[in-house]
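Report on the structure given below.
The values are calculated or read from the model by the stated rules, or taken from the named source; none is laboratory data. All figures in this text were calculated on a predicted structure; none of them were measured in a lab. Quick reminder, even Gly has a Cβ in these numbers, built from the backbone with ideal geometry, and neighbours come from all protein chains shown. Heads up: the accessible areas ignore ligands, DNA and RNA and are worked out on the full protein's heavy atoms, side chains in. Shrake-Rupley method; radii C 1.70, N 1.55, O 1.52, S 1.80 Å.
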Amino acid sequence: MTDNTKTHVILLSCGSFNPITKGHIHMFEKAREYLHKTGKFIVIGGIISPVHDSYGKPGLVPSRHRLTMCQLAVQSSDWIRVDPWECYQDTWQTTCSVLEHHRDLMKRVTGCILSNVNTPSTTPVIGQPQNETQTAIYQNHNTMNNKPSAIKLWGKMSESLGKICCVRPHIDRFTFVDENANLGTAMRYEEIELRILLLCGSDLLESFCIPGLWKDSDMEVIVGDFGIVVVPRDGVDTERIMNHSSVLRKNKDNITVVKDDANHPMSIVSSTKSRLALQHGDGHVVDYLNQTVIDYILQSQLYINASG
């Protein structure tokens, strides 16, 4: 498959990130590596979306701290970004609403139609014509070689939204001339397929099977319309989990399970273990958290006397 026929993917991870661990970043990296290996996908961005303070989880530190820790954790990444939209809302948002927000945001920023996971062939992703004023806010990396490609851009929508992950298809300037008149310079976008996929661990996948925890309508949108990428934790049977839920069974083709040949221990994802290590002065905390995050926690005196 050529790049323009592959599905271009933005990975979105929702969670407390209380605090963000090395394992959370590892999930992004392993998911991107695996999706690329399939030959069907190109991951062009990652979004970390920390939960709102009103989520009510015991020991949840204020979002200003969690956002800062997330930003510190990804400061060296050229493709993963932190989005504060959830934290800036008046109240807690469902995972479904977060996905829909980013889908709508991508439509506005890129001028693209984002395809649903179930309808890639009948819902082509086509860039909409933009005038010069609109396109001026985007970086133009056009090499003029007509090679179809996806361009990663970082758009600043407002000071409150901060940086967002977005993509714009390959831009090619051309002059259209018909028998009546020269219509001048226009913008043409290559046709690509762009999706936002929810990135999660197998614990979130398993929570879909808990009666009453998720609305069936939300699950249908998350798994049916968007699709999910699952990075299993140690010893978890994802096949058993998927067979336990009618929604997951029905949409199994929209669930990508990352197979990690290196067998890295996904237990390092655990924020709970990180908090316990901090509370007990356990030196193994360096195995869980980036040093910049540890320094910020100590400076801000977070979790040291926290419970949960």
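Taking amide hydrogens as placed 1.01 Å from N in the peptide plane, the amide H of Val43 sits under 5 Å from those of Val9, each at least 5 positions away in sequence or on another chain. A simple spin-label model places pseudo-atoms 7 Å from Cα toward Cβ; at Ser246 and Lys107 they are separated by 3.0 nm. Name the residues of the range 83-100 whose amide N is less than 18 Å from a point 7 angstrom out from the Cα of Asp203 along the C-beta direction? The answer is 95.
Keeping the other protein chains in place, figure out the carbon and sulfur percent of the accessible area of the range 41-110, with a 1.4 Å probe. The nonpolar share, carbon plus sulfur, comes to 46 percent.
By how many nm would the segment from Gln301 to Glu220 lengthen if fully extended, with 0.36 nm per residue of separation less the alpha-carbon distance? Each step should come with its number before you reach the end.
Numbers: separation 81, 0.36 × 81 = 29.16 nm, distance 4.11 nm.
Difference between extended and current length: 25.1 nm.
Protein heavy-atom accessible surface, 1.4 Å probe, per residue over the range 1-94: 39 Å². Using a Förster distance of 30 Å, how high is the FRET efficiency between Val286 and Asp78, based on the Cβ-Cβ distance and rounded to 0.05? Given R0 = 30 Å and the Cβ-Cβ separation, E is 0.80. Across the range 79-95, coupling constants 3J(HN,Hα) worked out from phi with the 6.51/-1.76/1.60 Karplus curve, θ = phi - 60°, read 9, 9, 10, 9, 10, x, 4, 4, 5, 8, 7, 6, 8, 4, 10, 6, 4 Hz, and Gly and Pro carry x. Can you tell me the mean projection area, over all orientations, of the convex hull of the range 1-106's alpha carbons? Units nm², please. Projected over every direction and averaged, the Cα hull of the range 1-106 covers 7.2 nm².
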